[in-house]
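Data block below; observations after.
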Amino acid sequence: MAVIIDGKKISQQIKDELKEKVERLQAQGKKGALAVIQVGADPASSVYVRNKKNACAYIGIESLAYELPEETTEDELLQLVNELNDKEEVKGILVQLPLPAHICEDKVIQAISPRKDVDGFHPQSVGAMVIGEKGFVSCTPAGIIQLLKRSGIELAGKHCVVIGRSNIVGKPMALLMLRENATVTITHSKTKNLPEICRQADILIVAMGKPQFIGAEYIKEGAVVIDVGIHRDENHKLCGDVKFEEVERIASAITPVPGGVGPMTIAMLMNNCVQAMEEEEA
Ligand code: GUN
């Protein structure tokens, strides 16, 4: 049976470390706020935004909430982002996605100053990550690296297969694993022989967005399996992209849903906010 990688526990450790760091920074007179912008009232987004605000309160960072109506225009949102870019006390800006269809997400992401881009979504942040320069790294993939490292899982020389090629998870995930000296294969919806490729993985990272899709036939004995998916099953229970009970019997370690990757995303957002506070004079 696989070891269950406890994302709740590891994310709590990280938040406790950050809380101490924030106390030290504040003692040096460094402080700052995270601006969290939500447009509309999508219930899932509201939950994420609330969790982010609570995490800020826990580690001792101020959060400024901007809850804008669904009808907010692109220009109005861009103007707010520009104002926040210029505000000294705002160290991080987070625009919760998805945005309503009439607003171009790329345009909004690109308006955020890369110095305040705590989501790591700005093309400059992405470019810096690709070439290994300093910058903010996308929170979910960064959280997965922490989950693996803090679970004592060796990455160098391992074959890591990533399922999914999104800008937020799949692509940055593959690059971060490469930075850790893993051998990386990226797969996606058009990949042929997916089970065969996945069975070659020492570390399988599943971010395909299909509920309980990955079963035993995708897993090599003793592989480490990271499940990024989050869905509701037919009984309204949370589940991932992986058939947990079936895969748990073959893997050496596995993340559960909930309580695996999810809590790490917020912990790494807090990490980026602290990084932004530290770098204010840089
Ligand atoms: N929507 C879903 N995940 C995220 C995230 O990590 N950041 C932002 N800004 N929006 C999201």
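What to note about this one:
- Criterion (aliphatic (A, V, I, L, M), touching a Gly at 6+ places or on another chain (Cβ under 8 Å) and closer than 27 Å to G157 by Cβ) met by exactly one of A207, A253, A216, A223: A207
- Of all residues in region 95-121 being touching a Lys or Arg at 6+ places or on another chain (Cβ under 9 Å) and under 21 Å from E74 (Cβ atoms), the one that is nearest to the ligand (Cβ to nearest atom): Q96
- Residue in region 170-192 that is buried (at least 24 other Cβ atoms within 10 Å of the Cβ), aliphatic (A, V, I, L, M) and closer than 24 Å to P98 by Cβ present: yes
- Given (1) out of contact with any Lys or Arg (no Cβ under 6 Å at 6 or more places or on another chain); (2) assigned to a strand (DSSP E or B), number of the condition S11 does not satisfy: (2)
- Of everything in region 138-154 that is free of Cβ contacts under 8 Å to residues at least 40 places away in the same chain and within 16 Å of the ligand (Cβ to nearest atom), the residue that is farthest from L97 (Cα to Cα) is I145.
- Within region 118-138, if we keep just the residues that are in a helix (DSSP H, G or I) and among the small types (G, A, S), the residue that is nearest to the chain's Cα centre (by Cα) turns out to be S125.
- Selected residue (only one of P172, P114 is in contact with a Pro (Cβ under 6 Å, 6 or more places away or on another chain) and not small (G, A, S)): P172
- Residue list for region 242-282, restricted to those being acidic (D, E), modelled with pLDDT of 95 or more and out of contact with any helix residue (DSSP H, G or I) (no Cβ under 7 Å at 6 or more places or on another chain): E245, E248
- Output for region 61-117, where each listed residue is surrounded by 15 or more Cβ atoms within 10 Å (Cβ to Cβ), assigned to a loop (DSSP other than H, G, I, E, B) and under 24 Å from the mean Cα position of the chain (by Cα): I61, Q96, L97, L99, P100, I103, I112, S113, D117
- The residue pairs whose first member lies in region 36-64 and is within 18 Å of P263 (Cα to Cα) and in contact (Cβ under 8 Å) with a residue 12 or more places away in the chain, whose second member is outside any helix (DSSP H, G or I) and among the β-branched types (V, I, T), and whose beta carbons are closer than 7 Å, counting only pairs six or more residues apart or on different chains, are V49/V36; K52/V36; K53/V36.
- Identification of helices (runs of 4 or more DSSP H) wholly contained in region 181-282 with 3 or more residues that are touching a Lys or Arg at 6+ places or on another chain (Cβ under 7 Å) and touching a residue at least 40 places away in the same chain (Cβ under 8 Å) yields 261-278.
- Long-range neighbours under 6 Å by Cβ, at least six apart or interchain, first residue modelled with pLDDT under 95 within region 12-32, second surrounded by 13 or more Cβ atoms within 10 Å (Cβ to Cβ) and assigned to a helix (DSSP H, G or I): K30/M277; G32/M277
- In region 165-179, the residues that are farther than 22 Å from G262 by Cβ and either in contact with a strand residue (DSSP E or B) (Cβ under 9 Å, 6 or more places away or on another chain) or within 16 Å of the ligand (Cβ to nearest atom) (or both): L178
- Among the candidates A65, A55, A44, the residue that is modelled with pLDDT under 95, of a type in the set (A, V, I, L, M) and either within 20 Å of L25 (Cβ to Cβ) or out of contact with any Asp or Glu (no Cβ under 6 Å at 6 or more places or on another chain) (or both) is uniquely A44.
- Taking the listed residues G92, G40, the one that is on the phi > 0 side of the Ramachandran plot and within 16 Å of the ligand (Cβ to nearest atom) is G40, with no other qualifying.
The values are calculated or read from the model by the stated rules, or taken from the named source; none is laboratory data. Predicted model only: the values in this text are computed from it and were never measured. Methodologically, a virtual Cβ is constructed for each residue, glycine included, from the backbone with ideal geometry; neighbour enumeration extends over all protein chains shown.
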